[in-house]
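The values are calculated or read from the model by the stated rules, or taken from the named source; none is laboratory data. Remember, predicted model here, so these are calculated numbers, not experimental data. Cβ placement follows ideal geometry from the backbone for every residue including glycine, while neighbour counts extend to all protein chains displayed.
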Amino acid sequence: MKKTLAILMVFCMCLLTACSTGNSNSSETNVTDSTTGAANNGEKYTLKIAYQYGMAYAPLIVMQEQKLIEKYCDNVEVNWQVLNSGAAINEGVIAGDIQVAYMGIAPFLTAVMKGTPYKLYSGLSGQPMGLNTNDANITSLADFTADDKIALVNYGSIQHIMLAMAAEKELGDAHALDENIMAMAHPDGMQALISNSVKGHLTTAPYFLQELEDDQFSEITSVRETFPEDCTIIIGAAANDLYENHREVYDALVSATNEAMDYINNNLEDTAEMIYENEGVSKEVMLEYMKADGVIYTNKATGLMEIADFMKRAEFIEEAPAAFSDISFEGVQQ
């Protein structure tokens, strides 16, 4: 009897030891690496990126097609999504659903000065942008009546800021035409101009260039002439958490963006091949657009402080950044 009890006690002790060992191993497999954001069990960090329509975002198509972020970091899975506006993208950043955001400089400045948890990591592009009309009697901003609608992508967008800068100079009030604005995505705005649903469309390439090819439309040139020359239109912003806690992925993003810029500027024809179908034009036409005056693909972010100063003066934002470093991560060129 004593021998039987001894055997049972040894057996129970072995079971307890096995359970303890198993629980210890289980907890170790769930430890997260703070540098990459990936678990030790091989789970990859999911990088969610949001951008918008148009040839201004060509570097991102190159990054996707050539898997450049993955090239510089093999522990990342990249999730790309296209949204209609900078406002929608900013909502995603605030909610923690988006780690990298590409948008016009105006919604970026508005959001970052309100405390949205991201900063500029790179410039992306400068693009031809302007106001076209379908009414031959409209030759200046003063010719728009209260009933004449102007389509542009959104209130507070860079197109709105462009209109406001011209209105300040021509009409003495940056907000003189705010009631004329009809918010529409770029393709919808072009269709509204064609159908005479609006009198004007303030948009960017390729839509701006496509409209100028049609003899029934003309440009209000003073709007484009008022805007700072060679100003960066589209930028890339990275979440603070990505920069601070997942540096390996952030550095891969920067390297991938720089490589995409080099590729585009040295391979315009190949890039046109990648993006022309998305814009509904031929490869030859897309190549012409990419060679147009004002089309620039660069990681420099030029003109943001000048735009920020205007936005404060016109009360689009309460405060302008005191220094470029207030809105950008280290290493960004301007």
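What the table shows:
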{"read-out": "Segment 249-274, residues that are among the aromatic types (Phe, Trp, Tyr) and either outside any helix (DSSP H, G or I) or touching a strand residue (DSSP E or B) at 6+ places or on another chain (Cβ under 7 Å) (or both)", "value": "Tyr250"}
{"read-out": "Failed item in (1) under 13 Å from the mean Cα position of the chain (by Cα); (2) modelled with pLDDT under 95; (3) not hydrophobic (A, V, I, L, M, F, W, C), with Tyr118 passing the rest", "value": "(2)"}
{"read-out": "When residues of segment 275-331 are limited to those that are in a loop (DSSP other than H, G, I, E, B) and over 24 Å from Met165 (Cβ atoms), the one nearest to the chain's Cα centre (by Cα)", "value": "Asn299"}
{"read-out": "Selection count where residues are under 19 Å from Thr139 (Cα atoms) and either in the same structural domain as Ala58 (by TED's automatic domain parsing) or of a type in the set (Ser, Thr, Tyr) (or both), scope segment 178-217", "value": "2"}
{"read-out": "Any pair with Cβ under 9 angstrom, 6 or more apart, that starts in segment 65-79 at a residue that is under 12 Å from Lys48 (Cβ atoms) and ends at one that is among the acidic types (Asp, Glu) and modelled with pLDDT of 95 or more", "value": "Val76/Glu70; Val76/Glu248; Glu77/Glu70; Val78/Glu70"}
{"read-out": "Residue check, Gly200 small (Gly, Ala, Ser) and either under 20 Å from Asn84 (Cα atoms) or crowded, with 22+ Cβ neighbours inside 10 Å (or both)", "value": "yes"}
{"read-out": "Residue among Glu229, Glu248, Glu244 that is of a type in the set (D, E, K, R) and either assigned by TED's automatic domain parsing to the domain that holds Gly156 or under 27 Å from Met129 (Cβ atoms) (or both)", "value": "Glu229"}
{"read-out": "Filter pass, Asp262 being at pLDDT 95 or above, surrounded by fewer than 16 Cβ atoms within 10 Å (Cβ to Cβ) and out of contact with any helix residue (DSSP H, G or I) (no Cβ under 8 Å at 6 or more places or on another chain)", "value": "yes"}
{"read-out": "Residues satisfying the stated conditions in segment 33-88, i.e. at pLDDT below 80, over 21 Å from Val281 (Cα atoms) and among the polar types (S, T, N, Q)", "value": "Ser34, Thr35, Thr36, Asn40, Asn41, Ser85"}
{"read-out": "All positions within segment 276-288 that are touching a Pro at 6+ places or on another chain (Cβ under 9 Å) and farther than 12 Å from Ala58 by Cα", "value": "Gly280, Val281, Val285"}
{"read-out": "Residue match in segment 236-243 (condition: crowded, with 19+ Cβ neighbours inside 10 Å, modelled with pLDDT under 95 and not charged (D, E, K, R))", "value": "no"}
{"read-out": "Enumeration of residues in segment 132-156 that are surrounded by 24 or more Cβ atoms within 10 Å (Cβ to Cβ) and under 22 Å from the mean Cα position of the chain (by Cα)", "value": "Ala151, Leu152, Val153"}
{"read-out": "Long-range neighbours under 9 Å by Cβ, at least six apart or interchain, first residue free of Cβ contacts under 8 Å to residues at least 40 places away in the same chain and in the same structural domain as Tyr57 (by TED's automatic domain parsing) within segment 126-152, second crowded, with 17+ Cβ neighbours inside 10 Å and outside any loop (DSSP other than H, G, I, E, B)", "value": "none"}
{"read-out": "One residue from Val249, Val223 being touching a Phe, Trp or Tyr at 6+ places or on another chain (Cβ under 7 Å) and either surrounded by 18 or more Cβ atoms within 10 Å (Cβ to Cβ) or more than 30 Å from Asn75 (Cα to Cα) (or both)", "value": "Val249"}
{"read-out": "Residue list for segment 130-154, filter: at pLDDT below 95 and in contact with a strand residue (DSSP E or B) (Cβ under 6 Å, 6 or more places away or on another chain)", "value": "Asn154"}
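Residue by residue, here is whether (1) touching a Cys at 6+ places or on another chain (Cβ under 9 Å); (2) touching a residue at least 24 places away in the same chain (Cβ under 8 Å); (3) within 30 Å of Lys114 (Cβ to Cβ) holds:
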residue	(1), (2), (3)
Arg247	no, yes, yes
Glu259	no, yes, no
Asp262	no, no, no
Ala292	no, yes, no
Lys300	no, yes, yes
Glu306	yes, yes, yes
Met311	no, yes, yes
Phe324	no, no, yes
